[in-house]
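Inspection log for the structure reproduced underneath, given as structure tokens.
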Amino acid sequence: MVVKLVFLGRLEDLAGVGEMAVPLDGGQRLADVLAGLPGPLADALRGPKVKLALNGALLSPGADPALADGDELAFLPPVSGG
Amino acid sequence: MVVKLVFLGRLEDLAGVGEMAVPLDGGQRLADVLAGLPGPLADALRGPKVKLALNGALLSPGADPALADGDELAFLPPVSGG
Amino acid sequence: MGADVRLLDAPFVAEAEIGAFARAQGAAGGVVSFLGQVRVDAGAGKAVVEALELRHYPPLTLPGMRALAGEALARWQLTGLMILHRTGEMLPGDPIVLVCAAARHRRDAFAAADFAMDHLKSESWFWKREKVGGQWRWIEPRPEDHADLSRWQGA
Amino acid sequence: MGADVRLLDAPFVAEAEIGAFARAQGAAGGVVSFLGQVRVDAGAGKAVVEALELRHYPPLTLPGMRALAGEALARWQLTGLMILHRTGEMLPGDPIVLVCAAARHRRDAFAAADFAMDHLKSESWFWKREKVGGQWRWIEPRPEDHADLSRWQGA
């Protein structure tokens, strides 16, 4: 299965891409995906001010949802506003 | 000499005209001009909410200025705003 | 910076005035505008207004508007201020008043436009009458206008 | 009454939008609009911004704007509400955001536009970067934005 990661704001610069497709065996959770990323990026994504959305719905802080094929996980740093 | 009276708002309806030229012998004051007008109009012009302007400058309440030829006296009822 | 203050005896195009004002405000982050127009329909339980007329007294009206603009400029950090007001007879849908305030910080622009409107509505030298059922009647001041004005006193 | 809420990825003509909105507001006495544009000059002691870019996250941004519009409609007596917001790259002088609120009573229109702007500025899903000296840099949230927002809490 494949999940899509989306990086907003300065997280995009850090990741080097705006979106990334991550192939998984299945059965993994969010924490597993983060563990597979380069350390500095994973640390930034785990930052206390970074919010997460799974398929367009915001997750509660600390949530570690199971992932399914085609899921989209967005990493949202503090907004700079309109 | 002649002074011009200007009636604003509903005072114009009461006076029947927006402006009126009043010929005077000279030496008269505001109170004299009012005394020479029809009673109901004079009463309305003396109303406590009516402000007066002489040649475009507001008068203090109760002022009774001497008048000179060509003076313009405006009677200003409460404004209804913009 | 001087304000653009005009008393107009013929219809004006509010959007064109707002556009020209905003284009001139290169330094401003924000432009707040208030447009007051003659209502097309009546309020609930009210008769339809066929026309509105604003009379003024030239020696006082425009000088009063200029003084108001000066007060707003002194009170807030603005990069531009425009106050346009119609006089004469207007039809439903016609613009009556347009206030535009531009500022680096939008809070200043909002406050200045709000302040100018409150003062125009309650203190400016206009007498208003409405035509309803073919008959003209003078409009009395509204108590709310004075309540609005008191918001700015002592502030 | 539904609100007109749009996310635009190309330049828009603010005055034309304000004009169309105001013409549709026959029942409203007052239309308040806020236009935010990319500043043409820099602030004192600041570098000139050559371009501004707003990124968004489509699954959240427009739904968030629609929820904000719904909140304003529930909170004030409005006859119309429009919220337009640019995304993508903008040049100095380009409009970024336009909020128009129309109401029978101007106090409602002022409050709704002010409320919408405070929330767009601090809570909406936009990430902003500026190009200065040929280099792009991300803009951090401003503490004032959160102070502005607190004005509406518990009110």
Residue list for segment C:1-18, restricted to those being buried (at least 19 other Cβ atoms within 10 Å of the Cβ) and either of a type outside the set (A, V, I, L, M) or modelled with pLDDT under 95 (or both) = C:Glu15, C:Glu17
Taking the stated definitions as given, is D:Leu60 within 13 Å of chain A (Cβ to nearest Cβ), surrounded by fewer than 23 Cβ atoms within 10 Å (Cβ to Cβ) and over 30 Å from C:Leu91 (Cβ atoms)?
-> yes
With (1) modelled with pLDDT of 95 or more; (2) more than 17 Å from the chain's Cα centre (by Cα) as the list, and D:Arg23 as the residue in question, which single condition is left unmet?
-> (1)
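Do the conditions hold for A:Ser60, that is, is it part of a loop (DSSP other than H, G, I, E, B) and in contact with a strand residue (DSSP E or B) (Cβ under 7 Å, 6 or more places away or on another chain)?
Details: part of a loop (DSSP other than H, G, I, E, B): yes; in contact with a strand residue (DSSP E or B) (Cβ under 7 Å, 6 or more places away or on another chain): no.
So A:Ser60 fails the test.
Pick from A:Leu73, A:Leu41: which is more than 10 Å from every other protein chain (Cβ to nearest Cβ) and either on the phi > 0 side of the Ramachandran plot or touching a helix residue (DSSP H, G or I) at 6+ places or on another chain (Cβ under 6 Å) (or both)? Can you show your working first?
Values: A:Leu73 fails: either on the phi > 0 side of the Ramachandran plot or touching a helix residue (DSSP H, G or I) at 6+ places or on another chain (Cβ under 6 Å) (or both).
Among A:Leu73, A:Leu41, only A:Leu41 is more than 10 Å from every other protein chain (Cβ to nearest Cβ) and either on the phi > 0 side of the Ramachandran plot or touching a helix residue (DSSP H, G or I) at 6+ places or on another chain (Cβ under 6 Å) (or both).
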Check segment C:76-87 and report whether any residue there is hydrophobic (A, V, I, L, M, F, W, C), without any contact (Cβ under 8 Å) to a residue 24 or more places away in the chain and surrounded by fewer than 24 Cβ atoms within 10 Å (Cβ to Cβ).
-> no
Just give me the residues in segment A:1-27 being touching a helix residue (DSSP H, G or I) at 6+ places or on another chain (Cβ under 9 Å) and over 28 Å from D:Arg137 (Cβ atoms), in sequence order.
-> A:Val3, A:Val22, A:Leu24
Hey, among the residues in segment A:3-17 that are surrounded by fewer than 16 Cβ atoms within 10 Å (Cβ to Cβ) and either within 13 Å of the chain's Cα centre (by Cα) or among the polar types (S, T, N, Q) (or both), which one's nearest to the other protein chains (Cβ to nearest Cβ)?
-> A:Lys4
Test result for D:Ala111, surrounded by 21 or more Cβ atoms within 10 Å (Cβ to Cβ), touching a residue at least 40 places away in the same chain (Cβ under 8 Å) and not basic (Lys, Arg) | no
Answer yes if at least one residue in segment D:55-66 is more than 18 Å from D:Trp125 (Cα to Cα) and in contact (Cβ under 8 Å) with a residue 24 or more places away in the chain, and no otherwise.
-> no
By residue number, the members of segment B:18-35 that are assigned to a loop (DSSP other than H, G, I, E, B) and either exposed (fewer than 12 other Cβ atoms within 10 Å of the Cβ) or in contact with a Phe, Trp or Tyr (Cβ under 7 Å, 6 or more places away or on another chain) (or both) are B:Gly18, B:Asp25, B:Gly26, B:Gly27
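Quick one: which strands (runs of 3 or more DSSP E) lie wholly within segment C:1-117 and hold at least 3 residues that are under 30 Å from D:Asp118 (Cβ atoms)?
Values: elements: C:4-8, C:30-37, C:51-56, C:80-86, C:88-90, C:95-103.
By residue number, C:30-37, C:80-86, C:95-103.
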Of (1) crowded, with 19+ Cβ neighbours inside 10 Å; (2) in contact with a Phe, Trp or Tyr (Cβ under 9 Å, 6 or more places away or on another chain), C:Arg151 satisfies every one except (1)
Go through the residues of segment B:53-67 one by one and say whether even a single one is within 21 Å of C:Leu62 (Cα to Cα) and more than 14 Å from chain C (Cβ to nearest Cβ).
-> yes
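For segment D:14-52, how many residues are at the interface with another protein chain (Cβ under 8 Å from one of its Cβ atoms) and closer than 30 Å to D:Gln135 by Cα? Give the derivation first.
Initial filter on segment D:14-52 (at the interface with another protein chain (Cβ under 8 Å from one of its Cβ atoms)): D:14-16, D:18-19, D:22-23, D:25-37, D:39-41, D:43.
From the residues that got through so far, the ones that are closer than 30 Å to D:Gln135 by Cα too are D:14, D:34-37, D:39-41, D:43.
Residues flagged as at the interface with another protein chain (Cβ under 8 Å from one of its Cβ atoms) and closer than 30 Å to D:Gln135 by Cα within segment D:14-52 amount to 9.
The values are calculated or read from the model by the stated rules, or taken from the named source; none is laboratory data. Just so you know, these numbers come straight off a predicted model, no measurement behind them. No Cβ is skipped: glycine too gets one built from the backbone with ideal geometry, and neighbour counts run over all protein chains shown.
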